[in-house]
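Shown next, in structure tokens, is the structure this report addresses.
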Amino acid sequence: MPVHALAPNDGLYYEHEPAAAGGATFVFFNALTGDTASWQAIAPALRRHGHGTLLWNLRGQKDSPFGGPDAISAEEIVADAIALMRALAPARPVYVGLSIGGLFAAQAHLAGARCAALLLINTLRKPGPRLDWVNAAVHRAALTGGGRLIQDLYLPLLCGPAWLAANRERFLTDEPYAPVDPARGVACLLAAGAGADWDLPYEQLSVPVTVLSGLQDRVFHEAADVAALAARLPDGQRVELPDGGHLVTMERPQVVLDACLALVERLPA
């Protein structure tokens, strides 16, 4: 199991498959509650097209050890990404970030771990009282009832109706909720996410950027905000999915795959 060591008790689990000659390497940035499994419906197809993939887990996610809560912060997540990119040096990296993962990807690019292009999936949002409230509430829900409580509360607001109808019986069961230990990775990550800086200088993202938005996302998607932020991108394109939600990698992986392949077409030869 490959782990990039960061400190005696800290590291990043990763799966790296190099690109074929002339291909890009898609580097996937997880959401706080995700892991490399989020991309397994997409990465193999990209490899069949001759592209490389780099999947990795944040400190505190599956198989990525961390020494304690002080090791996890929004700033450290970006620093970890930079360290991993410099260690592995993937060829023609294209960063793909889901939710806050897109923010971390853009920040890593701006901080020196440059990529050739960015795919931001349900990332764009403006800082403010609503975002602060949601981030604090998700963390509190985890400490109260764990991941199952978060899913029962938020999935109807995050996912499209087709996915909800197909998966309803898996949720809202009689199994009691169980709180997450505040020292566990997922709790530390959610706490770190509440401190992320969303005031991103979009004008400085001079590489090709695709903004993929699921319009059924009733928690984070604010149409006017996304439009205003996307308009600040020097080379931005938008893809909207009317029947998809926040977790489009789970609901509609083919859409994500198509967006990845279309983004490669915008890269310099």
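Coordinate-derived values only; no laboratory data. Everything numeric here is computed off the predicted structure, so don't read it as measured data. Don't worry about glycine lacking a Cβ; one is built from the backbone with ideal geometry, like all the others, and counts go over all protein chains shown.
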Check Ala117: other-chain or 5+ apart residues with amide H under 5 Å from its amide H, H built from backbone geometry? Tyr95
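Could you work out the relative contact order of the stretch 31-190? I mean the mean sequence separation of Cα pairs under 8 Å and 6+ apart, divided by the number of residues, in percent.
Values: 166 pairs, mean separation 39.2, N = 160.
Averaging sequence separation for qualifying contacts and normalising by length gives 25 percent for the stretch 31-190.
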Could you point to the residue in Leu205, Leu241, Val255 farthest towards the positive end of the stretch 146-257's charge dipole, with +1 and -1 charges on the Cβ of Lys/Arg and Asp/Glu respectively? Val255
From the phi of every residue in the stretch 210-221, what ³J(HN,Hα) in whole Hz does the Karplus formula 6.51 cos²θ - 1.76 cosθ + 1.60 yield, where θ is phi - 60° and glycine or proline is x? 10, 9, 9, 10, x, 6, 7, 6, 8, 9, 10, 7
Which of Gly128, Gly245, Gly193 moves the most in a Gaussian network model of the chain with Cα springs under 10 Å? Gly128
Sum of side-chain charges, His246 neighbourhood, beta-carbon under 14 Å (Lys, Arg +1; Asp, Glu -1): -2
Dipole moment magnitude, nearest 20 debye, the chain about Cα centre, only Lys, Arg, Asp, Glu C-beta charged: 380
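Can you give the relative contact order of the chain as a percent, counting alpha carbon pairs under 8 Å and 6+ residues apart?
On the way: 515 pairs, mean separation 54.2, N = 269.
Relative contact order for the chain comes out at 20 percent.
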Residue by residue through the stretch 44-60, the couplings from Karplus 6.51 cos²θ - 1.76 cosθ + 1.60 with θ = phi - 60°, in Hz, x for Gly and Pro, are x, 5, 5, 5, 5, 8, x, 9, x, 9, 9, 9, 8, 10, 4, 3, x
Going highest first, how would you order 117-126, 142-151, 258-267 by mean Cβ packing within 10 Å? 117-126, 142-151, 258-267
Among Val94, Gly128, Leu143, whose Cα projects farthest towards the positive end of the dipole of the stretch 91-154, with charges put on the beta-carbon of Lys, Arg (+1) and Asp, Glu (-1)? Val94
Net charge dipole size for the stretch 96-203 [Lys, Arg +1 and Asp, Glu -1 on Cβ; Debye, nearest 20]: 120
Report, in debye and to the nearest 20, how large the dipole of the stretch 149-269 comes out about its Cα centre when Lys and Arg carry +1 and Asp and Glu carry -1 on their Cβ. 140
If each of Asp181 and Arg130 carries a label point 7 Å out from its Cα toward its Cβ, how far apart are those two points in nm? 3.7
